[in-house]
């Protein structure tokens, strides 16, 4: 049963061939058996999960099923990234700063998924404050990649990715500021979507870079992501940048994908800048053959150009640290979070609490951001980066005047070995070279598995115009109906 | 642009971030590398380009000035390191 995807689990719950409690106990057992080695979870909520499952079972019995009452997530066990506030449960954000923090409220995403009937198994490990591409920046230790324990699962949603890939749960939540859903999805062989900026509420999602942060689902198929996204998305007055626009019935949009020539007329653009220096040839080959598969389904493929692609990483490493330095100023040792012992004065309290509470990568980014925003440097760094951000966004709009979807690799390599990039922040940052632009522009983007190279998953990334999540999900679903990369399981977790 | 350990110390002070003296030189080296990466954007021609602060140039939505939250002081202060009579405690700031 643990190898069933979310849709299959939902069907079993609907027909009552398994109860939510049985399913919950089974997944808790798997976590108990395997997670000591993997370290994908920061907190496991065994007791409350079983209670939630019992409530779900009662609701399923009363309703006579789940699917007939349009509650496909009723009784489904999931995991939340530990960046989402969960009432009464430790919410650490992967940091010593919040090791002692029990949230007094639920994030909107948590609330919506609870209303949909999901069972929360626990909170997933992550790079501290979502800053990282390897999950090695967590105060709670590095996470293993289920495909190879010596390799990283990606980051920052590395715990969520490892948990789904290891079959600890059929789906998990993640967040994506520069690729933190798509890169770990690619490294762990999952499907993960970062929706349009503003599609999912950021309320109760601990802020890293507020103009880039967006939540999304990580699961084993596009169809499963569609089910999750439908429950997660929607307007929220508590998030001032939430977009007031009805949520589409994403699952309904997938029905067309089952037709032959499902992608008839879809225009796919391949940016020439993506297939250049830095891309592992095995990934280039895998992506090219995945694109051929899409072509066989009726899509038309053409070359496009994103001339400012090489400026994405530089601009991002001004915008994201600048916003992070501002957002993380709230951690002052006064109202919540870590406080140092015996401060001599207020300045000592601030400095030591923050110095002890934050890890090295977070400190680096606070320092870069503070520098970029400081008097005399603001125009040269922050303002310049915002202008470059506009150029990057304009490039996409130019491309979308010719194509519907932009395809390319999600990552330049497959999952790398632990400790291989920790000494060099710049080489770590360059990992996100293909994912960052969608955050800068605010566009929806999905990663889905399209090959195995030397036994490690390869991610295909598809990006579309604003609020075109349906098109991404449908394209990915059409691909997954013809291929079986998304059903591959890491051999140790079968 | 490369940063000196003294400059890192100054930036860390602006951010009220404690950094060990022994680590200032390491940070200076790492941050200088990152700034080297960042400065690649200087080659871009951005004359007349409107700076983009948010996707779609979104602006904050305003709401009516009404009370929407009830008093949850006790609940919210449960997470505080030190409180007394409903107030957050900090070291004395005025002699």
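Do any helices (runs of 4 or more DSSP H) lying entirely in segment A:289-406 carry at least 1 residues that are in contact with a strand residue (DSSP E or B) (Cβ under 6 Å, 6 or more places away or on another chain) and over 17 Å from residue B:46 (Cα atoms), and which ones are they? Give the derivation first.
Details: elements: A:312-327, A:346-357, A:360-373, A:384-400.
Result: A:384-400.
Hey, any hits in segment B:29-37 for a residue that's more than 9 Å from chain A (Cβ to nearest Cβ) and either more than 25 Å from residue A:311 (Cα to Cα) or modelled with pLDDT under 95 (or both)? No - not one qualifying residue is present in segment B:29-37. All of A:350, A:378 fail the test of being over 23 Å from residue B:1 (Cβ atoms) and either surrounded by fewer than 17 Cβ atoms within 10 Å (Cβ to Cβ) or at the interface with chain B (Cβ under 7 Å from one of its Cβ atoms) (or both), apart from A:350. For the residues A:203, A:197, the requirement of being within 14 Å of chain B (Cβ to nearest Cβ), modelled with pLDDT of 95 or more and touching a strand residue (DSSP E or B) at 6+ places or on another chain (Cβ under 7 Å) singles out A:197.
Taken over segment A:145-161, the criterion of being in a loop (DSSP other than H, G, I, E, B) and either under 10 Å from the mean Cα position of the chain (by Cα) or surrounded by fewer than 24 Cβ atoms within 10 Å (Cβ to Cβ) (or both) is satisfied by A:149, A:150, A:155, A:156, A:157. Counting only residues that are surrounded by 10 or more Cβ atoms within 10 Å (Cβ to Cβ) and at the interface with another protein chain (Cβ under 9 Å from one of its Cβ atoms), segment B:84-95 holds 4 of them.
Report yes if residue A:397 is surrounded by fewer than 22 Cβ atoms within 10 Å (Cβ to Cβ), more than 30 Å from residue A:99 (Cβ to Cβ), under 26 Å from the mean Cα position of the chain (by Cα) and more than 9 Å from chain B (Cβ to nearest Cβ), otherwise no. I'd like the intermediate steps shown before the answer.
Working: surrounded by fewer than 22 Cβ atoms within 10 Å (Cβ to Cβ): yes; more than 30 Å from residue A:99 (Cβ to Cβ): yes; under 26 Å from the mean Cα position of the chain (by Cα): yes; more than 9 Å from chain B (Cβ to nearest Cβ): yes.
In short, yes.
Within the option set A:133, A:210, being surrounded by fewer than 24 Cβ atoms within 10 Å (Cβ to Cβ) and in contact with a helix residue (DSSP H, G or I) (Cβ under 9 Å, 6 or more places away or on another chain) holds for one residue only, A:210. For segment A:407-436, a residue qualifies if it is farther than 13 Å from residue A:134 by Cα and touching a strand residue (DSSP E or B) at 6+ places or on another chain (Cβ under 6 Å), and the qualifying residues are A:407, A:408, A:410, A:434.
Evaluate the following for residue A:210: is it out of contact with any strand residue (DSSP E or B) (no Cβ under 7 Å at 6 or more places or on another chain), at pLDDT below 95 and within 14 Å of chain B (Cβ to nearest Cβ)? Criteria not met by residue A:210. Within segment A:232-267, the set of residues being part of a helix (DSSP H, G or I) and in contact with a strand residue (DSSP E or B) (Cβ under 9 Å, 6 or more places away or on another chain) comprises A:232, A:250. Of the set (1) free of Cβ contacts under 8 Å to residues at least 24 places away in the same chain; (2) crowded, with 24+ Cβ neighbours inside 10 Å, all apply to residue A:87 but (2). Answer yes or no as to whether residue A:113 is at pLDDT 95 or above, assigned to a strand (DSSP E or B) and either in contact with a strand residue (DSSP E or B) (Cβ under 8 Å, 6 or more places away or on another chain) or surrounded by 20 or more Cβ atoms within 10 Å (Cβ to Cβ) (or both). So residue A:113 fails the test.
Taken together, the residues in segment B:38-77 that are within 7 Å of chain A (Cβ to nearest Cβ), outside any loop (DSSP other than H, G, I, E, B) and buried (at least 16 other Cβ atoms within 10 Å of the Cβ) amount to 3.
Just one of the numbered conditions (1) in contact (Cβ under 8 Å) with a residue 12 or more places away in the chain; (2) touching a helix residue (DSSP H, G or I) at 6+ places or on another chain (Cβ under 9 Å); (3) in a helix (DSSP H, G or I) is not true of residue A:55: (1). With respect to the conditions (1) more than 11 Å from every other protein chain (Cβ to nearest Cβ); (2) in contact with a helix residue (DSSP H, G or I) (Cβ under 9 Å, 6 or more places away or on another chain); (3) closer than 30 Å to residue A:300 by Cα, residue A:438 lacks only one, and its number is (1). Selection of segment A:325-336 for residues being more than 8 Å from chain B (Cβ to nearest Cβ) and crowded, with 18+ Cβ neighbours inside 10 Å yields A:327, A:328, A:331.
Just the residues that are closer than 16 Å to residue A:394 by Cβ, under 22 Å from the mean Cα position of the chain (by Cα) and either facing another protein chain (nearest Cβ under 8 Å) or surrounded by fewer than 24 Cβ atoms within 10 Å (Cβ to Cβ) (or both), please, taken from segment A:304-324. Answer for segment A:304-324, where residues must be closer than 16 Å to residue A:394 by Cβ, under 22 Å from the mean Cα position of the chain (by Cα) and either facing another protein chain (nearest Cβ under 8 Å) or surrounded by fewer than 24 Cβ atoms within 10 Å (Cβ to Cβ) (or both): A:309, A:315. Would you check which residues across segment A:353-372 are surrounded by 19 or more Cβ atoms within 10 Å (Cβ to Cβ) and more than 7 Å from chain B (Cβ to nearest Cβ) and list them? Those that are surrounded by 19 or more Cβ atoms within 10 Å (Cβ to Cβ) and more than 7 Å from chain B (Cβ to nearest Cβ): A:353, A:357, A:358, A:359, A:361, A:362, A:365, A:369, A:372. Within segment A:451-487, the set of residues being within 18 Å of the chain's Cα centre (by Cα) and part of a strand (DSSP E or B) comprises A:457, A:458, A:459, A:460, A:461, A:462, A:463, A:464. Just one of the numbered conditions (1) surrounded by fewer than 16 Cβ atoms within 10 Å (Cβ to Cβ); (2) more than 8 Å from every other protein chain (Cβ to nearest Cβ) is not true of residue A:345: (2).
The values are calculated or read from the model by the stated rules, or taken from the named source; none is laboratory data. Computed from a predicted structure; not experimentally measured. Positions of Cβ are generated from backbone atoms using ideal geometry, with glycine treated the same way; all protein chains shown enter the neighbour counts.
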